[in-house]
Amino acid sequence: MGEISIFGSGKKKFYKVATANIKNIWNYNKIDNLKKIDFMQEKGSYKLEEDEIFFIKLNKDESLSVSNLLNTTSANDISKKYLLDLEYVFVIKQNKIFFQRIFKTNLIDKPFWIFSDTATLHTKDTVLVLQNRTDIAFMNDKIYFFKFSDLTAVFKNLSHYYREASKEDLQIFRANKIIDIDPILNLEKLPKTSLQKIAQIIDNLQILNENFKIYKQYADEYVEIFDDNKIKIVTKQDIDSLHNIIFQKYFQTTINTEKRVANSFQKL
């Protein structure tokens with residue numbers, strides 16, 4: 001395999017992270033041997049076996065958007081300052097792109113010991129831990145993934161491929177302790193787009209629960225659906241607002257500080 005360049009993205013910027021031999025660290029192309037399951041044909045309800053992976057056949061524009069990552073000539077070397085901003089890393093092999101999401105657990109930015117023949121204390125270093133895990137892959141106009149939440153974390157513009165919320169999803173939505181749904185709102189009668197959004201909310205409930213205060217602080221700048229320790233859902237628009245919050249679609253313009261909501265998840 002030899003040395004290969006590793007690239008990364010964070011806060012809408014691309015970087016060259018390193019060039020190294022990662023043969024014994026990240027076997028990124030092992031998904032080639034997995035059985036491919038058509039995500040759209042299964043309507044999102046299929047549960048993968050250990051030897052399987054989902055795929056979606058992208059349309060021409062979406063495929064072009066992803067394949068633009070093949071052009072890495074303008075990627076600058078990453079600095080320690082921006083290492084903590086990384087959301088994912090990727091490698092390119094024969095026009096195939098393999099992605100690995102970066103979580104907080106992948107990064108060490110505090111004093112740590114390295115044990116070899118003797119112990120060495122490092123107090124000013126930042127460490128990025130690369131794992132033997134491919135979350136997403138792109139090849140031949142198809143995008144491959146194990147979890148849809150991983151796919152939309154990297155490519156938010158692909159969220160429209162999501163399933164509609166099932167009866168079980170709606171039960172989970174109603175039962176969640178931090179969400180207060182007005183009984184007058186008939187979830188089953190909501191349009192398809194709203195049911196897709198509820199399904200995406202359901203799959204991000206753990207993140208919402210674990211980061212409730214952060215999401216509340218963010219939401220309070222734009223909408224009023226957080227009330228003390230509850231999220232109030234009274235109308236279809238409240239579901240839209242919660243979805244926008246989870247996927248951070250609200251923003252403020254730089255020049256005239258106007259508050260807006262993005263109409264697309266597509267990264268620039």
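The values are calculated or read from the model by the stated rules, or taken from the named source; none is laboratory data. None of the values given here were measured: they were computed from a predicted structure. Every residue, glycine as well, gets a Cβ built from its backbone with ideal geometry; the counts of neighbours run over all protein chains shown. Just so you know, the surface numbers come from the protein's heavy atoms only, side chains and all, with ligands and any DNA or RNA stripped out. Shrake-Rupley method; radii C 1.70, N 1.55, O 1.52, S 1.80 Å.
Before moving on, here are some points about what is shown:
- Some residue of region 169-176 being touching a strand residue (DSSP E or B) at 6+ places or on another chain (Cβ under 8 Å), surrounded by 18 or more Cβ atoms within 10 Å (Cβ to Cβ) and either of a type in the set (Phe, Trp, Tyr) or farther than 30 Å from Leu69 by Cα (or both): yes
- Note on region 96-149: among residues that are polar (S, T, N, Q) and modelled with pLDDT of 90 or more, the one that is most open to solvent (accessible area, probe 1.4 Å) is Asn140.
- Subset of region 181-199 that is in contact with a Lys or Arg (Cβ under 9 Å, 6 or more places away or on another chain) and under 30 Å from Lys104 (Cα atoms) - its residue that is least open to solvent (accessible area, probe 1.4 Å): Ala199
Residues checked against (1) of a type outside the set (A, V, I, L, M); (2) outside any helix (DSSP H, G or I); (3) in contact (Cβ under 8 Å) with a residue 24 or more places away in the chain:
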| site | (1), (2), (3) |
| --- | --- |
| Val223 | no, yes, yes |
| Ile231 | no, yes, yes |
| Gln237 | yes, no, no |
| Ser241 | yes, no, no |
| Ile245 | no, no, yes |
| Gln248 | yes, yes, yes |
| Phe251 | yes, yes, no |
| Asn256 | yes, yes, no |
| Arg260 | yes, yes, no |
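- Criterion (open to solvent by less than 20 Å² (accessible area, probe 1.4 Å) and more than 20 Å from the chain's Cα centre (by Cα)) met by exactly one of Ile31, Ile37, Ile78: Ile37
- Yes/no for Ile97 being of a type in the set (A, V, I, L, M, F, W, C), over 19 Å from the mean Cα position of the chain (by Cα) and outside any helix (DSSP H, G or I): no
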